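Data block below; observations after.
The values are calculated or read from the model by the stated rules, or taken from the named source; none is laboratory data. All values reported here derive from a predicted model rather than from experimental measurement. Heads up, the Cβs are rebuilt from the backbone with ideal geometry, glycines too, and the neighbour counts pull from every protein chain shown. In case anyone asks, the SASA skips ligands and DNA or RNA and just uses the protein heavy atoms, side chains included. Shrake-Rupley method; radii C 1.70, N 1.55, O 1.52, S 1.80 Å.
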Amino acid sequence: MDYDRHPLQVDALLFQRNSITTSRRRALLQRVKEILDHSGYSYLFYSCNSSSDIKSVCTMLRSRITNMYVQTFCHNLRIDSGKLRFYKTCKTRYTMEKYLELDNFDLRSTITKIRISAHPLEIEKGRYKNLPMCERICKYCMSNKVEDETHFMSSCPFYDHERNELFKEATIFHPNFSTFLDEKKTTLLLTSQNPHITEKVGSFVFHCLGKRSQTQIR
């Protein structure tokens with residue numbers, strides 16, 4: 001490959017420092033070409049001749065790469081994956097979630113753990129043990145139900161006291177909240193755009209996971 005044709009003027013713009021070796025320069029140029037090839041813009045490798053061209057290409061390329069990533073992201077969510085089983089019910093848009101704006105790290109962290117199934121609930125523990133889904137039963141109540149995220153968030157009697165406070169707050173912002181199915185309640189709570197609700201959800205998850213870990217099970 002002829003790298004001396006100043007493709008995209010990359011070498012002229014990026015390699016002005018004497019500390020950059022020829023081999024490093026060639027490696028970076030190769031990476032630029034790979035990105036352009038992957039994005040469908042191979043022809044641009046040799047066609048830009050000015051700084052204004054480069055700025056235009058960078059803007060276009062950034063948009064293209066972002067769109068490609070979002071498409072891949074959405075496609076992966078549709079794949080039937082055990083690890084994405086619950087996450088894809090919460091993540092329906094490629095955007096920053098409101099709960100990530102919480103100041104308290106512990107609250108942000110615990111909400112994330114529930115959303116991505118990085119938690120100690122039986123639904124996840126049983127996956128590592130290769131237990132059938134129906135055998136991952138909650139050990140903290142007598143319901144004989146699978147201990148998944150929905151059970152933990154919306155129905156397990158072990159957390160009724162903490163949950164009652166959370167549901168009262170949720171009803172203020174969603175008057176029909178009590179009529180929703182448990183799955184919808186759980187999704188609504190974990191995807192809320194209301195800062196007050198997200199803080200309450202984080203507090204609920206944090207304290208309930210703590211309560212769970214400190215309780216001796218049968």
- Return the distance in nm (one decimal) between the two label points of a simple spin-label model at ASP103 and SER143, each offset 7 Å from Cα along Cα→Cβ. 3.4
- List the lysines whose alpha-carbon lies under 16 Å from that of LYS91, not counting same-chain residues fewer than 8 positions away? LYS83, LYS113, LYS184, LYS185
- Note on the structure: Taking R0 as 41 Å and r as the Cβ-Cβ distance between ARG24 and THR72, the FRET efficiency 1/(1 + (r/R0)^6), rounded to the nearest 0.05, comes to 0.90
- Task: At 0.36 nm per residue, minus the direct Cα-Cα distance, what do ASN130 and THR59 gain on full extension? Give it in nm, one decimal, please.
- Result: 20.9 nm
- Message: For the pair TYR41/GLN193, report the inter-label distance in nm, with labels modelled 7 Å from Cα in the Cβ direction.
- Response: 3.1
- Go ahead and run the numbers for FRET between THR179 and ILE79, Cβ-Cβ distance against an R0 of 35 Å, rounding to 0.05. 0.60
- Note on the structure: Residues whose modelled amide H sits under 5 Å from the amide H of ILE137, counting only those 5 or more places away in sequence or on another chain, are GLU147
- Simple label model, 7 Å out from Cα along Cβ direction - THR171 to GLN214, nm: 2.7
- Message: Taking the solvent-accessible surface of protein heavy atoms with a 1.4 Å probe, what is the per residue accessible area of the range 59-183 in Å²?
- Response: 60
